[in-house]
Amino acid sequence: MNIAETINQVRQTVKLWKGQGLTVGLVPTMGFLHEGHESLIRQSVKDNDRTVVSIFVNPMQFGKNEDLETYPRDFQRDSRICQEAGADLIFHPAPEEMYPPQFFTYTDMDTLTDGLCGSGRPGHFRGVCTVVGKLFHIAAPDRAYFGQKDAQQLAVIKKMVRDLNFDLEVVGCPTVREADGLAKSSRNSYLSEEERKQAPVLRQALSYAEAAVRAGETDVKTIRDEMIRMIETKPLARIEYIEFVDGETLQPVSRVEKPALAALAVRFGKTRLIDNCFFQ
Ligand code: PAF
């Protein structure tokens, strides 16, 4: 496995592979890899001849008061995980490589980015679309892999690929969970012992919603009220949002008609956790 720090190194390597008729998968990450990332890398290795993993904590997608400075980083460990999962190349650029001085061009999107995480994190998806678009141009992948835990991000990237005619397939992969149901996330490392004990309530509330819909309940208010009640039994939990939206437009719905998405963001102290489930 090779490590590239410059865009040119990645371009040259990918050009060589493509010249040999090989297919390329890209797994964009911000590092501090966990089993969720590992599953994306393994899927890419299965689907493609070569796999590039990008590790870049993208400053553009963090708000002023967010955790850019403290975002966990461990490149040695990440490299080991990539190697073991079968990646061929890590792209690990410095911020100046991605955003040199006089950088003025951005990729942004209307509508899909308004609600859910977009309302509490203005500018976040502009940062995500810009960096992911750049990574697509740099690594020229045939397929790119993203986790379904970030359901809005996945929908936004799929839409960007359609709208801007990127010639690649976006593959969404299932959320990987801890034994108690908590979705794996690099940010779980911020949780105190007590917060970690209470955090599985996110998954419990979503499981309740799944069971309610299976039993024939479609009224969002009824389901949502019970989810709020469940989460509020945990004294350290602060609900940022619990939303039911159309699975494609991400616009709020009052009845669960498939396909739909239930998504939530809950804070435990300074840690913001997200999770979701699909009804299809
Ligand atoms: O999901 C993430 O880790 C990031 O948003 C991504 C897609 C790597 C872009 O920086």
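The values are calculated or read from the model by the stated rules, or taken from the named source; none is laboratory data. Quantities reported herein were computed from a predicted structural model and do not represent experimental measurements. Cβ: placed from backbone, ideal geometry, glycine included. Neighbour counts: every protein chain shown. The protein model used for the area step is the full one, side chains on, heavy atoms only, and it has no ligands, DNA or RNA in it. Shrake-Rupley method; radii C 1.70, N 1.55, O 1.52, S 1.80 Å.
A few remarks follow.
- Separation in nanometres of the label points that stand 7 Å from Cα toward Cβ, at D246 and N2: 4.6
- Rounded accessible area of K258 (nearest 10 Å², 1.4 Å probe): 130
- Accessible area (Å², per residue) of the chain, counting only protein heavy atoms and a probe of 1.4 Å: 49
- D167 contributes an accessible area of around 140 Å² to the protein surface, as traced by a 1.4 Å probe with all chains present.
- Label zone at E66 (point 7 Å along Cα-to-Cβ), backbone N below 19 Å, segment 171-212: 184-191
- Label positions at H137 and Q280, each projected 7 Å from the Cα along the C-beta direction, are separated by 3.1 nm.
- Length available on full extension from L168 to Y106: 0.36 nm per residue minus the Cα-Cα distance, which gives 20.3 nm.
- The label-point distance for K46 and R73, in a model that sets each label 7 Å from Cα toward Cβ, rounds to 3.3 nm.
- Fully extending the segment from E194 to Y208 would add 2.8 nm, taking 0.36 nm per residue of separation and subtracting the current Cα-Cα distance.
- R42 accessible area, assembled protein chains, probe 1.4 Å, Å²: 110
- At 1.306 mPa s and 10 °C, Stokes D of the chain from Kirkwood alpha-carbon radius, µm² per second: 81
- Largest-first principal axis extents, alpha carbons of segment 49-99, Å: 39, 21, 14
- Separation of alpha-carbon centers, segment 229-243 and segment 170-213, rounded to whole Å: 13
- Exceedance of the 28 Å cut-off in Cα-Cα distance is limited, within the set K149/K258; K46/K158; K18/K149; K15/K134; K64/K149, to K18/K149.
- Shape of segment 164-280 from the C-alpha gyration tensor: oblate (a/c of 1.5 or more and a/b not above b/c, with a ≥ b ≥ c the square roots of its eigenvalues).
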